[in-house]
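Just so it is clear, none of the values below were taken in a lab; they were calculated from the coordinates. All figures in this text were calculated on a predicted structure; none of them were measured in a lab. Glycine gets a Cβ as well: all are built from the backbone with ideal geometry, and neighbour counts include every protein chain shown.
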Amino acid sequence: MAHLRDTHAVVVHCDTDYLRAVHGIQELFNRPSATLRACYAVPSASSSKLEEPNGDVAMDGEATATPAPAAEVISRSGWLIGEDLSNAQKEDTFEQKYELRWPFRSNKLVDDWEGREYMLTHLYSLLGLTVSSNSYPLLLIPPPTPTLTLSHQASYTQLAFENLNTPVFSLLPSPIASLYALGATSGIIVHVGSTETTVFVITDSVVRWECSTTVEVGESDCRAFLEKLLEEDELLDTELKAALGKEDISVEEKSKLIREVSEVVWNECTGDDLEVPLLKGGNKVVTSGAGTGVVGAEKEDDSFDVAKKLVGDNAPPAPNHSHKSKKQQAAIAAAAAKTAQAAADAAAAAAAAPQPIDAIVINIPSLPGKEIQLGPVRHRLCETLLFGKEPGGDTVWEGVGRALENASLSLGEKLSLWDGVGVVGEIARIKSFSPALITYLSPYLLSSADLTSDCQPSKIRLLTIPEYFANFKNSTTELAPFLGGSLVGKVAFLDSQGKHSITKVDYNLKGPAAIYDVSIEGQ
């Protein structure tokens, strides 16, 4: 029975913008078999804001919102989700007809539990599972929040048993799931969400919630900033006019094209096409290794003489005793000098030639078949995270520093945490962002690796998904929480003592509060 639990378990990772799931945990951990945008739409005429959450069992006087009862499902006939929502959003009148909701994003007023249940039920249908006859254990990774309260744990438990009909349930905090997938048990997890970034500190598989730090800047701010840059970019303006065959473009038409260009950049150009600039200055460099990156290493002196590189192999040999005649020796020397001069001329010509423009070619839906060049402006899309929304604004790297300044951390813990920094969230799809962020943390390091100190770190290690996960090789770390959930799911449902999961029998005896007895570290 334990083997069947392990094989047929469902792993669901709920992030702020996407839901990812898989049915069954195999020896070679699989990538998500179902991915769903974490939003749905309701008709504007019938949409109404929830004013008060429903009450539920709580501990220590905590109030909690509960999932809506199944009787209200009939009112969802006009709701849109998944492909239906994507198709509806292509219509110009979508914003007038529908209200878009993101139930897993942070909401300081009220949590949309009904929307969460609606989305998870649809996710089950994408996996080919029927809720009414569900017989598969569920490991759920809720969206990262500065703290995972007992009331929220109870609400997720109630949703799992009453709305998803799961027989066995386990709950895993997102920061721990992320860190496990990155091959560590202590470290720093930076989650960049849509509207805010949260920094988590984990020591020995325990989330130190008191250290969690939130920075009010996220991916949506980066998108808005990029669109502003694209509006002002002269190269793109010229390209759009040429593609349209017009000398002038209306403000509305240009704004629409700019939004399409921005979407293409975010969706298709996250690899080598984007190079988020590293922090300039000092001797801090990023050296990539087998799954890690290190900041703080002294740069090796690999400088070389360009002229020597170009002509060194062809330089005339040192005078030596030769049996050749003087005429033959003179001919050899002349040939060598001629070759050296040709190499020098070639080097000078290459230096004087105009450098190719740093541009990529993209296509957008409104101009099919037209190639549009996009210049170096694309590399600046993450500046709001590194420099703030405005000059002097709060930044992600400053948030990391504040998290480690918490008085609850010992000096030894603070130093050891720098040895494992991971970046998760959809922004992690941009391969160059994480190494760039690490360089901005260099002010917290010693100025030289040759110095020794008991109170300041000398290096920072950037965590990535280890290459021994064959199905995740070369993948970016936005998948780390999902992979970590699969790792824990491999053992969570094998324990007959109920240390890492609860059954429907436990739920019937104790209700949602049964989750409080689960001893997964970090809850």
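Taking a ≥ b ≥ c as the square roots of the eigenvalues of the Cα gyration tensor of region 159-259, is the shape rounded (a/c under 1.5), prolate (a/b larger than b/c) or oblate? Write down the numbers at each step before the final one.
Details: a/c = 3.79, a/b = 2.32, b/c = 1.64.
Since a/c reaches 1.5 and a/b is larger than b/c, the shape of region 159-259 is classed as prolate.
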Checklist line | Potential extension, E231-S416 segment - 0.36 nm per residue separation minus Cα distance | finding: 62.2 nm
Item checked: Backbone HN-Hα couplings from phi across region 480-491 [Karplus 6.51/-1.76/1.60, Hz, Gly and Pro as x] -> 4, x, 5, 5, x, x, 5, 5, 5, x, 5, 10
Notebook entry, point to check: Can you give the FRET efficiency for K246 and S86, using 1/(1 + (r/R0)^6), R0 = 22 Å, r = Cβ-Cβ distance, to the nearest 0.05?
Noted result: 0.15
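Just list whichever of K90/K431; K414/K459; K246/K370; K228/K370; K228/K256; K256/K389 have alpha carbons separated by over 18 Å in the model shown.
Numbers: K90/K431 29 Å; K414/K459 13 Å; K246/K370 14 Å; K228/K370 23 Å; K228/K256 13 Å; K256/K389 23 Å.
Result: K90/K431; K228/K370; K256/K389 exceed 18 Å.
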Check: Under a plain spin-label model, where a point goes 7 Å from the Cα along Cα-to-Cβ, how far apart in nm are E371 and E268?
Finding: 1.3
Check: In Å, the Kirkwood hydrodynamic radius of region 382-458 over pairs of distinct alpha carbons?
Finding: 13.9
Check: What residues have an amide H closer than 5 Å to that of E99, excluding those fewer than 5 places away on the same chain, when H is modeled at 1.01 Å from N in the peptide plane?
Finding: V42, S44
Notebook entry, point to check: For region 413-433, list residues with backbone N below 18 Å from a point placed 7 Å from the Cα of K280 toward its Cβ?
Noted result: none
Item checked: Extension reserve of the L109-T185 stretch, reckoned as 0.36 nm per residue once the Cα distance is removed -> 24.0 nm
Notebook entry, point to check: Based on the alpha-carbon gyration tensor of region 76-207 and its eigenvalue square roots a ≥ b ≥ c, which shape applies: rounded if a/c is under 1.5, prolate if not and a/b is larger than b/c, or oblate?
Noted result: oblate
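Want the number for V131 to I332: 0.36 nm per residue separation, take away the alpha-carbon distance, what's left? Don't skip to the answer; put the middle values down first.
Numbers: separation 201, 0.36 × 201 = 72.36 nm, distance 8.62 nm.
Gain on extension, V131 to I332, equals 63.7 nm.
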Notebook entry, point to check: What nm distance separates the two modelled labels at I357 and D454, each placed 7 Å from Cα along Cα→Cβ?
Noted result: 5.9
Check: Modelled label-to-label distance, A470 and A342, 7 Å Cα→beta-carbon offset: nm?
Finding: 5.1
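How high is the FRET efficiency between S75 and S220 when r is their beta carbon distance and R₀ equals 30 Å, given to the nearest 0.05?
Working: r = 29 Å, r/R0 = 0.98.
After rounding to 0.05, the efficiency reads 0.55.
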